[in-house]
Amino acid sequence: MTKLLGFIVTVLVSIMFGFWLAATNILDGTQVGNLLYDVVDLIPVPDESNIGMQVDLPEEKNNTMTENEEEAVTENSSDEIDYNIIENRIFELLNELRSEVGVQQVTKNQQLKLAADQRALETEELFEHTRPDGSDPFTVLEESGHEYNYRLAGENLAMATYYLDELGMAEVIFNGWKNSEGHYENMIKPEFEEVGIGIHYDGDILYSTQIFGTPR
């Protein structure tokens, strides 16, 4: 066993020394040099086209009215996340965007907020612009506790694996909407006057909803 190990070490050292000789071009044109080049050609090297880090980018959805996902690892629990920080940052970014494009800012509405919270919770079960019971998403604005009498409404949905702090995740969610045509149109629509932002975290995935409205 010891002899075999010594033989293997000797072979490896010889090969490494041979590579060094080949790299210096000292053996170019010699029989030994040609033999070494033949050996190098037989040793497989990694395919650089397959080297890299796989990243799952946010996925999106819209309904004039949307989604979003990103992959990572987290140890956070829902008790450790401050929903208010995420909501307020999204609200700030939303109004900054509206100011940039020259439309009036939206104001927060508590009824829309309660409805958006409900929709964020529901999207854990069904991430669609349809409620889990099969009804239209805006039926949430007819429910007791958060009725909202509107003449215009819109919904944006988003979900992302939680892997940053609250401010970072707010920006991930917002940028996903901003880079999606349908969501972006909702966020800069001049006719919208109010908004409610809902947040829900299931211990892994962060769900967020914007419900825009213009009251009657």
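If a residue has to be part of a helix (DSSP H, G or I), open to solvent by 10 Å² or more (accessible area, probe 1.4 Å) and not hydrophobic (A, V, I, L, M, F, W, C) to count, how many in segment 183-193 make the cut?
First, the residues of segment 183-193 that are part of a helix (DSSP H, G or I): 183-188.
Checking which are open to solvent by 10 Å² or more (accessible area, probe 1.4 Å) leaves us with 184-185, 188.
Remaining after also requiring not hydrophobic (A, V, I, L, M, F, W, C): 184-185.
Here the count works out to 2.
Of the residues that sit in segment 132-176 and are under 17 Å from residue 93 (Cβ atoms) and among the acidic types (Asp, Glu), which one is nearest to the chain's Cα centre (by Cα)?
For segment 132-176, the residue satisfying everything is 171.
Among (1) in contact with a Pro (Cβ under 7 Å, 6 or more places away or on another chain); (2) under 13 Å from residue 81 (Cβ atoms), which single condition is residue 150 missing?
(2)
Can you pull out the residues in segment 194-212 that are open to solvent by 20 Å² or more (accessible area, probe 1.4 Å) and over 17 Å from the mean Cα position of the chain (by Cα)?
194
Quickly run through segment 123-139 and pick out the residues that are exposed (fewer than 11 other Cβ atoms within 10 Å of the Cβ) and of a type outside the set (Asp, Glu). Before the answer, list the steps.
We begin by selecting, within segment 123-139, every residue exposed (fewer than 11 other Cβ atoms within 10 Å of the Cβ); these are 125, 133-134.
Scanning segment 123-139 gives a single hit, 134.
Please work out if residue 119 is among the charged types (D, E, K, R) and either within 19 Å of the chain's Cα centre (by Cα) or open to solvent by 10 Å² or more (accessible area, probe 1.4 Å) (or both). Full working, then the answer.
Values: among the charged types (D, E, K, R): yes; either within 19 Å of the chain's Cα centre (by Cα) or open to solvent by 10 Å² or more (accessible area, probe 1.4 Å) (or both): no.
When the stated conditions are applied, residue 119 does not pass them.
If only one of 154, 168 is part of a helix (DSSP H, G or I), open to solvent by less than 30 Å² (accessible area, probe 1.4 Å) and at pLDDT 95 or above, which one is it?
Answer to the selection: 168.
The values are calculated or read from the model by the stated rules, or taken from the named source; none is laboratory data. Because the structure is predicted, anything quoted here is derived from the model rather than measured. All Cβ positions, glycine included, derive from the backbone under ideal geometry; neighbour counts span all protein chains shown. When the accessible area is computed, the model is the full protein with side chains, heavy atoms only, and any ligands, DNA or RNA have been set aside. Shrake-Rupley method; radii C 1.70, N 1.55, O 1.52, S 1.80 Å.
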